[in-house]
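Worksheet: the structure to be examined is printed underneath.
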Amino acid sequence: MEFKKAKIVELKEKFDAIINKEENENVEFWYARDLQNQLGYKRWENFIEAIKKAMQSCKNAGISVENHFREVTKMVQIGSGANRRLQDYMLTRYACYLIAQNGDSKKEEIAFAQSYFALQTRKQEIIEDRIKLMNRLEAREKLKESEKQLSKNIYERGVDDLGFARIRSKGDSALFGGLNTMQMKAKYGVKENRPLADFLPTLTIAAKNLATEMTNYNVTEKDMYGEENITGEHIDNNLSVRSMLNKRGIKPENLKPAEDLKKLERRVKTESKKMASNKLPQGK
């Protein structure tokens with residue numbers, strides 16, 4: 001999901017506005033009822049299910065649920081002027097992060113929250129950078145799935161693992177202006193045993209994914225068999241994607257390599273562990 005800078009500023013201001021602080025203990029926390037609105041949930045009954053999933057994720061990680069989720073009761077005034085008790089939760093940053101992780105990332109509020117709560121800082125430019133990194137990680141996962149499906153499809157059509165590697169490399173050669181997979185690895189300084197896609201920018205990953213999905217579709221629809229036929233199909237699809245990019249002044253082989261996605265994944269795990277160390281204030 002692509003975010004415009006103005007949208008990031010708008011969402012950041014909304015999430016900043018619902019922070020609560022326990023000054024004596026220098027602890028930040030959020031109330032679930034406030035978070036519900038910002039995450040785009042209209043009904044509490046639906047949001048409480050997201051909270052329960054997040055609590056289970058916390059427990060599965062071996063982290064004390066009580067340190068991050070605390071049920072509280074609020075007194076609210078209803079239309080008649082009378083007061084009634086309302087269920088709520090106090091949540092740490094880590095709890096909010098888990099709730100966002102268990103939400104629908106197609107919703108822009110959820111996608112934003114996943115990065116907002118993952119970071120110890122709330123600086124806009126850092127949130128923006130992380131959203132871009134997570135978009136790249138998401139694109140990489142989509143490419144993995146489409147390549148896995150292609151491997152399965154062509155295996156059933158007479159192509160083994162070595163044949164799949166040759167097809168993919170020739171597709172890369174078509175996309176990268178004549179440079180095959182190994183040549184692109186050498187250009188980017190990627191070790192032979194590492195996937196090239198782990199070092200590609202988001203745009204190139206998306207381009208490879210589009211070409212692969214086109215090949216998947218046509219192999220099935222045209223009932224194609226054999227390495228030669230499928231290779232030609234994959235080359236044509238990569239050439240088509242390259243032509244589209246070239247019309248916009250983009251040559252994939254000239255784009256700079258991106259950060260190693262394995263390092264990114266390790267950083268995401270480290271951020272999660274740091275968040276889990278911050279507990280709810282006592283006596284609230």
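Evaluation of R157 against the conditions (1) part of a helix (DSSP H, G or I); (2) charged (D, E, K, R); (3) farther than 16 Å from E265 by Cβ shows that the sole unmet condition is (1).
Taking segment 174-197 as the range and being within 21 Å of Q149 (Cα to Cα) and of a type outside the set (A, V, I, L, M) as the test, the residues that pass are T181, R194, P195. Scanning segment 221-249 for residues that are in contact (Cβ under 8 Å) with a residue 40 or more places away in the chain and of a type in the set (S, T, N, Q) turns up T231, N237, N238. Listed by position, the helices (runs of 4 or more DSSP H) inside segment 1-75 whose residues that are loosely packed, with under 11 Cβ neighbours inside 10 Å and at pLDDT below 95 number at least 2 are 5-16, 44-60.
Only residues that are without any contact (Cβ under 8 Å) to a residue 40 or more places away in the chain and assigned to a loop (DSSP other than H, G, I, E, B) were counted in segment 267-284, giving 2. Checked against (1) touching a Phe, Trp or Tyr at 6+ places or on another chain (Cβ under 8 Å); (2) loosely packed, with under 13 Cβ neighbours inside 10 Å, A258 meets all criteria but (2).
The values are calculated or read from the model by the stated rules, or taken from the named source; none is laboratory data. Everything quoted here is computed from the prediction, not taken from an experiment. Backbone-built Cβ (ideal geometry, glycine too); neighbour counts: all protein chains shown.
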